[in-house]
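Worksheet for the structure shown next.
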Amino acid sequence: FRIRELDIPGRLLLAPMDGFTDSPFRRICREFGASLLTSEFINGIDLMYGHPHLKYKTFFHASERPFAFQVFDDEPERLLSSALKLQELAPDLIDINMGCSAKSVSNRGAGAGLLKHPEKIKIIASSLVSTLRVPITAKIRLGWDDETRNYLDIVAILVDCGISAITVHARTRKQGYSGLADWDAIAAVKLVSPVPVI
């Protein structure tokens, strides 16, 4: 399939996992058939102010292409500045994390915490899409909890802003990684999304 003009040569994609998906791990996964590799998620604060591990999180080898950086933050302006810094490293695309359920991320309003603020998602997605050259994608969950399953509204916002692909973790933030994924919700996203759904 294609993400904008980028050819993805298979259907097996490596999900970003903080603390695991560094460059050596990604290259092993490529040998086993992963067709799109994504960095560990990168904190926008670290990109703006520095972090001792940042050079490892942002390193990737040419053999990892097609390659994506995933970034997270709760401040739209800082997220845009961070994405611009990542673009300078020449990835094939940049993914916005709107799905991390970890309390340290979502409780500050980043990751799945953004799902509680659709207006902020619109600002973030539109600014990144209109400013960066590379395709912008987004990872979401179904909502904060079962009472706020607003994923179809979020998908509509992302599509209107020009996002090039949407990854759906078909659980709420409250579920974390427990319970069953809602495959019908993924089907519902697929029905309304003109861009690839992962």
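Points worth noting:
- Inside segment 155-168, residues that are open to solvent by 20 Å² or more (accessible area, probe 1.4 Å) and touching a residue at least 60 places away in the same chain (Cβ under 8 Å) make up a count of 1.
- Residue check for Arg11: on the phi > 0 side of the Ramachandran plot and either in contact with an Asp or Glu (Cβ under 7 Å, 6 or more places away or on another chain) or in contact (Cβ under 8 Å) with a residue 24 or more places away in the chain (or both): no
- Single condition Ile28 does not satisfy, out of (1) in contact (Cβ under 8 Å) with a residue 24 or more places away in the chain; (2) over 20 Å from Ile140 (Cα atoms); (3) out of contact with any helix residue (DSSP H, G or I) (no Cβ under 9 Å at 6 or more places or on another chain): (1)
- Matching residues in segment 30-55 - criterion: being in a loop (DSSP other than H, G, I, E, B) and over 24 Å from Glu5 (Cβ atoms): Phe32, Gly50, His51, Pro52, His53
- A count restricted to segment 56-87 and to residues that are in a loop (DSSP other than H, G, I, E, B), touching a helix residue (DSSP H, G or I) at 6+ places or on another chain (Cβ under 8 Å), surrounded by fewer than 22 Cβ atoms within 10 Å (Cβ to Cβ) and not aromatic (Phe, Trp, Tyr) stands at 4.
- Unmet requirement for Asp92, which otherwise passes all of (1) open to solvent by less than 20 Å² (accessible area, probe 1.4 Å); (2) touching a residue at least 40 places away in the same chain (Cβ under 8 Å): (1)
- The residues in segment 121-140 that are within 20 Å of His169 (Cα to Cα) and surrounded by fewer than 22 Cβ atoms within 10 Å (Cβ to Cβ) can be counted, and the count is 1.
- Taking residues in segment 129-154 that are under 19 Å from Leu180 (Cα atoms) and free of Cβ contacts under 8 Å to residues at least 40 places away in the same chain, and partners anywhere that are of a type outside the set (A, V, I, L, M, F, W, C) and in a helix (DSSP H, G or I), the pairs with Cβ atoms closer than 7 Å and at least 6 places apart or on different chains are Gly143/Tyr151; Trp144/Lys116; Asn150/Pro118.
- Condition check for Leu115: modelled with pLDDT of 95 or more, surrounded by fewer than 16 Cβ atoms within 10 Å (Cβ to Cβ) and out of contact with any Asp or Glu (no Cβ under 9 Å at 6 or more places or on another chain): no
The values are calculated or read from the model by the stated rules, or taken from the named source; none is laboratory data. Keep in mind it's a predicted model, so treat the numbers as computed, not measured. Cβ sites come from the backbone with ideal geometry, for glycine too, and all protein chains shown count toward neighbours. What goes into the accessible areas is simple: the full protein's heavy atoms, side chains included, and nothing from ligands, DNA or RNA. Shrake-Rupley method; radii C 1.70, N 1.55, O 1.52, S 1.80 Å.
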